[in-house]
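Asker: Below you will find the structure I want to go over with you.
A short reminder: the numbers here are calculations on the coordinates, not readings from a lab. Keep in mind that what you see is a predicted model, and the values were worked out from it rather than measured. Cβ: placed from backbone, ideal geometry, glycine included. Neighbour counts: every protein chain shown.
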Amino acid sequence: RQVSLIRQSLFDQGFLDEQFIQLEELGDDANPNFVEEVVSLYYRDSVRLIHNLEQALEKSPLDYNKLDEYMHQFKGSSSSIGAKKVKAECTQFKEFCMAEYREGCMRTFQQVKREYTTLKKKLEAYFQV
Amino acid sequence: MELKSDIEDTLTQQKQQKQEQQQEQHHFHVLAVDDSLIDRKLLEKLLKVSSCQVTCVESGDKALEYLGLLDGLECDATLSSSSFSSTQSSKQEGLRVNMIMTDYCMPGMSGYDLLKRVKGSSWKDVPVVLMSSENVPSRISMCLEEGAEEFLLKPLQLSDLEKLQPHLLKSIDHSCENNTKSNKDKNVDDDNNNCKSNNKLSKRKAMSPETPERRPKLKGLAVL
């Protein structure tokens with residue numbers, strides 16, 4: 001009831017895409033919490049990647065190759081769990097990296113973090129129900 | 001959070017792991033290479049659901065190490081492949097790898113580099129599948145030309161593994177009671193023919209008509 005409404009809104013509002021459904025489908029009787037396990041790994045991994053990005057963004061001049069590499073990893077894992085909005089911001093960031101547009105990278109990074117934090121809160125609420 | 005159900009979950013998982021270990025000999029063994037923790041977890045699950053035995057490593061170097069190809073540990077590729085063709089094993093005792101699936105973009109050795117190394121070694125007859133989050137046609141062609149069996153786009157789903165079915169289904173010789181006999185015969189023949197390049201063509205042809213039929217079967221055959 002409430003669970004399915006929350007779940008549906010996550011898709012309707014574009015936070016999650018069909019990859020999340022694939023994760024749900026991979027759970028079974030022996031391993032019913034597969035989605036949560038993967039999402040937990042994602043949080044752990046993301047903390048590390050966000051930290052790397054923050055450090056790299058403090059450097060002067062910016063190493064755009066390194067930034068792109070880190071963001072590529074973050075985009076990849078976000079994509080693998082179906083984090084649609086986070087992935088979109090990562091793509092934007094990568095584009096600014098390619099263009100070596102410092103302001104754009106800075107701004108978009110804040111958006112990446114914002115979307116990530118929002119998703120994390122929503123998923124935590126969802127899994128608790 | 002219920003402690004009792006957690007314990008039950010652990011016991012169930014342990015039982016499952018034990019069963020898996022006992023059945024290792026019969027399963028299609030895939031070596032999965034990816035620097036991403038999340039992608040390794042996902043790929044491992046997708047393969048297990050498809051009744052495969054999986055070994056995950058985080059880099060091309062680790063993959064080479066696993067295959068015994070680091071630092072000239074292996075005898076060179078001039079060794080006749082016929083002695084290995086039927087079992088696809090290496091000089092390592094009983095090491096059997098039926099397929100390698102590797103990410104393309106990895107720090108250090110790329111999936112493409114790994115592909116080249118494998119194809120130039122005594123493991124050259126093992127099918128290698130490349131994966132990437134980026135759809136770059138020239139990259140895909142390059143890999144296929146170098147001998148990659150297939151190039152899959154991430155994020156991976158079960159439907160992607162179904163493209164690999166001609167390889168995977170050879171291993172499912174025990175899980176479906178109805179088809180056991182016919183599958184077993186098929187498995188033996190396919191194993192012997194596996195290394196011949198002409199078989200690749202027939203596998204590719206076999207894929208399209210069979211795939212829709214296989215879809216429900218695969219789910220039914222998954223060992224749980």
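Asker: If N is the number of residues in chain A, what value comes out of its Cα radius of gyration divided by 2.2 N^0.38 Å? Mind dumping the intermediate values first?
Answerer: On the way: Rg = 15.7 Å, N = 129, 2.2 N^0.38 = 13.9 Å.
Rg over 2.2 N^0.38 Å, computed on Cα atoms: 1.13.
Asker: Let me ask another. In whole Hz, with x marking every Gly and Pro, tabulate ³J(HN,Hα) for region B:30-39 from phi via Karplus 6.51 cos²θ - 1.76 cosθ + 1.60, θ = phi - 60°.
Answerer: So the J values, rounded to whole Hz, are 10, 9, 9, 10, 7, 7, 8, 4, 5, 5.
Asker: Can you pick out the pairs among B:LYS62/B:LYS163; A:LYS85/A:LYS113; A:LYS84/A:LYS113; A:LYS84/A:LYS122; A:LYS59/B:LYS62 whose Cα atoms lie more than 22 Å from each other?
Answerer: Values: B:LYS62/B:LYS163 26 Å; A:LYS85/A:LYS113 11 Å; A:LYS84/A:LYS113 13 Å; A:LYS84/A:LYS122 13 Å; A:LYS59/B:LYS62 32 Å.
Pairs exceeding the cut-off: B:LYS62/B:LYS163; A:LYS59/B:LYS62.
Asker: With the cut-off at 18 Å, report for region A:1-64 the share of all Cα pairs above it, as a whole percent.
Answerer: Values: 1161 of 2016 pairs.
Every Cα pair in region A:1-64 considered, those over 18 Å come to 58 percent.
Asker: Another one. Amide H neighbours of A:TYR101 under 5 Å, counting only residues 5+ apart in sequence or on other chains, H built in-plane at 1.01 Å?
Answerer: Counting only residues 5 or more places away or on other chains, the set is empty.
Asker: Long-range amide H contacts for B:GLN53: which residues qualify at under 5 Å (H placed 1.01 Å from N, peptide plane, sequence gap of 5 or more or a different chain)?
Answerer: B:PHE28, B:HIS29, B:VAL30
Asker: So what is the relative contact order for chain A, in percent, with contacts set as C-alpha pairs under 8 Å and at least six apart? The partial results should precede the final answer.
Answerer: Values: 110 pairs, mean separation 35.9, N = 129.
The normalised contact order for chain A reaches 28 percent.
Asker: Work out from phi, with θ = phi - 60° and the Karplus expression 6.51 cos²θ - 1.76 cosθ + 1.60, the ³J(HN,Hα) of each residue of region A:112-127, listed in order in whole Hz, and give x for Gly and Pro.
Answerer: Per-residue couplings from phi come out as 4, 4, 5, 5, 4, 4, 4, 4, 4, 4, 5, 5, 4, 5, 5, 6 Hz.
Asker: Can you compute 3J(HN,Hα) from phi for each residue in region B:50-65, using the Karplus curve 6.51 cos²θ - 1.76 cosθ + 1.60 with θ = phi - 60°, rounded to whole Hz and x for Gly and Pro?
Answerer: Taking θ as phi minus 60°, the curve returns 8, 6, 9, 8, 10, 10, 9, 10, 9, 7, x, 4, 5, 5, 5, 4 Hz for region B:50-65.
Asker: In addition: Hey, how many Å between the Cα centroid of region A:72-94 and the Cα centroid of region B:101-151?
Answerer: Between the Cα centre of region A:72-94 and that of region B:101-151, the gap is 23 Å.
Asker: Can you list which of the trypsin sites (Lys or Arg not before Pro) found in region A:1-97 are DSSP loop residues with at most 15 other C-beta atoms within 10 Å? Walk me through the numbers on the way to the answer.
Answerer: Values: sites: A:ARG1, A:ARG7, A:ARG44, A:ARG48, A:LYS59, A:LYS66, A:LYS75, A:LYS84, A:LYS85, A:LYS87, A:LYS94; in loops: A:ARG1, A:LYS59.
Those that pass, being in a loop and sparsely packed, are A:ARG1, A:LYS59.
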